[in-house]
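Where a number appears in this text, it was derived from the coordinates with a stated rule and is not lab data. Nothing here was measured: the structure is a model prediction, and the numbers come from that model. Neighbour counts are summed over all protein chains in view; Cβ atoms, including those assigned to glycine, are modelled from backbone coordinates with ideal geometry.
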Amino acid sequence: MPLDYPIHEFTLPNGLRVVVSPDTSVPNVTVNLWVNVGSRHESPGRTGFAHLFEHLMFQGSRNIASGEHFTRLMAEGGRLNATTWFDRTNYFETVPKGAYELALWMEADRHGFLLDAVNQENLDNQRDVVKEEKRQRYDNVPYGKALIETYAAVFPEGHPYHHPTIGSMEDLDAASVEDVHEFFRRYYGPNNTVLTLVGDLTAEEGFAAAERYFGHLPASAEAPRANLPQLEPLTAPVRVDRPGPVPNDRLHIAFRLPVDNTEEFFAAALAIDALGGLSTSRLVQRLVRREQVANAVQAHAMGFVDGVSLGFFVIDVAEGQDADAIEAAVVEELERFAKEGPTAVEAESAMAQSERSWLSALSGHEERADLISQHALLHGDAGFINTFLDRIALVTPEQVRAAAQKWLAPPSRAVVRHLVAAQEEAA
């Protein structure tokens, strides 16, 4: 039976795209906003701005004091947060139905009038918070920079995905109040935003509330640039070795993939699952279970929109085992998969995993609202949540094999290796 979550769409005169998906199973409403600005929109010397804004948006606005966004909504029984990534920044809260208009008013105030509260003190405060987050999550933990180094190895200098969302310490230090104001004026406007409401309300109630709180805001954001053309696979392997005080050797083996939301991306993602993303996958069976040369294997396909996506395998090398030999074994499996394609069991397992993950994500208001916002903003398709399983079911084993042959070919790999080193060598 096809999925049939209700999707109602309306665009305000100022360009705000509003999506309402009624669900009366619990008396809550999830308010979810996606703004079409992420680290891929940043300029050289101005990295980290999108993520810095995520923090500044909780420091008050014209009618809201610093920190009040959290205290007011949590006092109503709500939970809330925000995240930043390459392609977007999103803000979300789930509140009892009686508080959803409060949430909308507060979101509208900071999306329209944040700059009334962005001064040097707030900028300095949140810049320090972000820098400390960078130290704790990336700089001072084992393998913390592995993904950052993977992006830099897979995507060329100057490409929108080459630098990480967290940005650099130097760029954060250089940010001025005027830089921050200009960034906000350029990207934060209703014409660059999707608002999704999921929960105990009707479409009419949701549209009226969106108009009431956001309708007066001007269409202030600049028109987004066109996405880049598809980036082809690497033409030769790239290798980055990082000796250091890590618990064990770890390999990140990464590839460029087709852009998100395309049949070819779905096929490549299924290939990655069959190779390393399932407990029954080839690399898990060989490296972890049979040969016992790895402690764990993970695999991920990250769908992006600006001309390329990313797929990678993470292999934790068992103590005393050789990282070169394990990489050679991965290359063998990639070549065999590209020649033979998935077995019937592998294809069925990968499909089942995709279905299980998708249905699990849609079961709650919060992830459902997030997926609706994502596909409405980045692909113009708010109803994607109802059609994804039908689309992926059309992908054939031959398409999976062909995608692996083109996008997961060993010469197209970038390898980031974090290798155990003595303390004196790592210093």
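Run the reach check for Lys131 against aspartates and glutamates, Cα to Cα strictly under 19 Å, same-chain hits fewer than 8 apart removed. What comes back?
Result set, ordered by chain and number: Glu42, Glu54, Glu121, Asp139, Glu149, Glu170, Asp171, Asp173, Asp179.
How do 194-206, 240-252, 95-107 rank on mean C-beta neighbours within 10 Å, highest first? Don't skip to the answer; put the middle values down first.
Working: 194-206: 22.7, 240-252: 17.1, 95-107: 19.7.
So the peptides 194-206, 240-252, 95-107, ranked by packing, come out 194-206, 95-107, 240-252.
Distance between Cα centroids, region 171-230 to region 335-359: provide it in whole Å.
Taking the Cα centre of each part, region 171-230 and region 335-359 sit 38 Å apart.
Ordered by packing density, taken as the mean number of other Cβ atoms within 10 Å over each peptide's residues, highest first, how do 82-92, 39-49 rank? Don't jump to the answer; show the numbers that get you there.
Numbers: 82-92: 21.4, 39-49: 19.1.
Output ranking for 82-92, 39-49: 82-92, 39-49.
State the extension gain, in nm to one decimal, for the chain segment bounded by Lys97 and Ser66, taking 0.36 nm per residue of separation less the distance between their alpha-carbons.
Working: separation 31, 0.36 × 31 = 11.16 nm, distance 2.45 nm.
Length gained, Lys97 through Ser66: 8.7 nm.
Between the helical axis of 203-214 and the dominant principal axis of the chain, each derived from Cα atoms, what acute angle in degrees is found, rounded to the nearest 10?
In the chain, helix 203-214 runs at an angle near 70 degrees to the longest axis.
Can you tell me the order of 149-156, 119-126 when each peptide is scored by its average per-residue count of other Cβ atoms within 10 angstrom, highest first? Write down the numbers at each step before the final one.
On the way: 149-156: 20.2, 119-126: 15.4.
Result, highest mean first: 149-156, 119-126.
When a/c is below 1.5 the answer is rounded, else prolate if a/b is larger than b/c, else oblate, so apply that to region 1-115 with a ≥ b ≥ c taken from the square roots of the Cα gyration tensor eigenvalues. Working shown, then result.
On the way: a/c = 1.90, a/b = 1.26, b/c = 1.51.
It comes out oblate by the Cα gyration axes.
Restricting attention to the alpha-carbon atoms of the chain, what are Rg (one decimal) and Dmax (integer), both in Å?
22.7, 66
Dipole magnitude of the chain about its Cα centre, charges +1 at Lys/Arg Cβ and -1 at Asp/Glu Cβ only, in debye to the nearest 20?
Numbers: 36 positive and 61 negative charges, 76 e Å.
Using Cβ point charges on Lys, Arg, Asp and Glu, the chain gives about 360 debye.
Report, in cubic angstrom per residue, the convex hull volume of the C-alpha atoms of region 43-179.
Values: hull volume 16.5 nm³, N = 137.
For region 43-179, the hull spanned by Cα atoms encloses 121 Å³ per residue.
To the nearest 20 debye, what charge dipole does region 254-404 have about its Cα centre, counting +1 at the Cβ of each Lys and Arg and -1 at the Cβ of each Asp and Glu?
Roughly 240 debye, rounded to the nearest 20.
Calculate, axis by axis, the spread of Cα positions in region 275-427 along the three principal axes, and write the results as whole Å, longest axis first.
Extents along the principal axes: 53, 40, 29 Å.
How much FRET efficiency would the formula 1/(1 + (r/R0)^6) give for Ala409 and Asp116, where r is the Cβ-Cβ distance and R0 is 51 Å, rounded to 0.05?
Numbers: r = 53 Å, r/R0 = 1.04.
My answer for the efficiency is 0.45.
For region 180-302, what is the largest minus smallest coordinate of the Cα atoms on each principal axis, given in angstrom and ordered from greatest to least?
The principal-axis extents, from largest down, are 63, 37, 35 Å.
Give the aspartates and glutamates whose C-alpha is closer than 18 Å to that of Lys339, dropping any in the same chain fewer than 8 places away, or say none.
Glu264, Asp273, Glu398
At 7 Å along Cα-to-Cβ for each site, give me the label-to-label distance between Asp390 and Ala226 in nm.
In this crude spin-label approximation the distance works out to 3.1 nm.
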